[in-house]
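The next block holds one structure in the form of structure tokens; read it before the comments.
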Amino acid sequence: MSNGVAADEFLTIVSGLPRSGTSMMMRMLEMGGLPVLTDHIRTPDDDNPNGYYEFEAVKQTKEDDSWLEGAEGKAVKMVYRLLYDLPLNRTYRVLFMRRKLDEVLASQMVMLQRHGLVDGVREEQMAALFRAEIDGFYKWVAEQTHIQLIDVDYNRMQQDPKSEAARVNEFLGGSLNEDAMAEVVDASLYRNRK
């Protein structure tokens, strides 16, 4: 699956719905030996005690993609909607985090409530919106020659971190420390289950 391409020839992107385990995956990659792009502007809190691993520059990719210079061989976290803005003249490998949708929604609602941001959107509405957006995204990404993508199952990662870390490592070229990656998975942070 790695197609013999070295990790320094592509940018690794961790993506997925909010609250699907993207920060955990970024930490796993970092502990596994892959440099990560993060600016530490958003600091750890009760929702993400190990940090958010965000990089503000990705939000402006459509207007300014200069942050991509020299980014090959590193990992960055991007909301899936921003992948549409990536220039076609580079190569990307995307780890798309999948988590049971009811858990994503429960975690999202807890975080919004904690910050006083619940705006009356019902979970059913949010679920329908997420499903439609993800369906559209998968149709689009299947036609992109500059992006390779694998799904990474958050729930399976909680049950069998070593096997999932091995899958991720193979997809990214096989040079990461799988044991160090697997040790990042912390069952105590697997909250908001339904």
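The values are calculated or read from the model by the stated rules, or taken from the named source; none is laboratory data. All values derive from a computational prediction rather than experimental measurement. Every residue, glycine as well, gets a Cβ built from its backbone with ideal geometry; the counts of neighbours run over all protein chains shown.
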| query | Of all residues in the stretch 1-31 being over 30 Å from residue 106 (Cβ atoms) and part of a loop (DSSP other than H, G, I, E, B), which is modelled with the highest pLDDT? | reply | 10
| request: Scan the stretch 120-172 for residues that are hydrophobic (A, V, I, L, M, F, W, C), within 24 Å of residue 82 (Cα to Cα) and in contact with a helix residue (DSSP H, G or I) (Cβ under 8 Å, 6 or more places away or on another chain) and report the count. | output: 13
| Of all residues in the stretch 32-43 being over 15 Å from the mean Cα position of the chain (by Cα) and either among the hydrophobic types (A, V, I, L, M, F, W, C) or assigned to a helix (DSSP H, G or I) (or both), the one that is modelled with the highest pLDDT | 32
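Going by the structure shown, is residue 95 under 22 Å from residue 151 (Cα atoms), among the hydrophobic types (A, V, I, L, M, F, W, C) and in contact with a His (Cβ under 6 Å, 6 or more places away or on another chain)? Let's see the steps before the verdict.
Working: under 22 Å from residue 151 (Cα atoms): yes; among the hydrophobic types (A, V, I, L, M, F, W, C): yes; in contact with a His (Cβ under 6 Å, 6 or more places away or on another chain): no.
Taking the combined requirement at face value, the residue does not satisfy it.
Just to be sure, is residue 101 farther than 26 Å from residue 177 by Cα, at pLDDT 95 or above and of a type in the set (A, V, I, L, M)?
So residue 101 does not fit the description; no.
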| task | Scan the stretch 173-194 and report the pairs whose first residue is closer than 18 Å to residue 73 by Cβ and whose second residue is aliphatic (A, V, I, L, M) and at pLDDT below 90, with Cβ atoms within less than 9 Å and a gap of 6+ or a chain change. | result | 173/5; 173/6; 173/7; 174/7; 175/6; 175/7; 176/7
| request: Kindly provide the set of residues from the stretch 148-170 that are buried (at least 21 other Cβ atoms within 10 Å of the Cβ) and touching a residue at least 40 places away in the same chain (Cβ under 8 Å), ordered by number. | output: 152, 154, 157, 165, 168, 169
| note | Flagged in the stretch 44-102 as free of Cβ contacts under 8 Å to residues at least 12 places away in the same chain and in a strand (DSSP E or B), in numbering order, are none
| From the set of residues in the stretch 51-98 that are within 17 Å of residue 34 (Cα to Cα) and in contact with a Pro (Cβ under 6 Å, 6 or more places away or on another chain), which is modelled with the lowest pLDDT? | 51
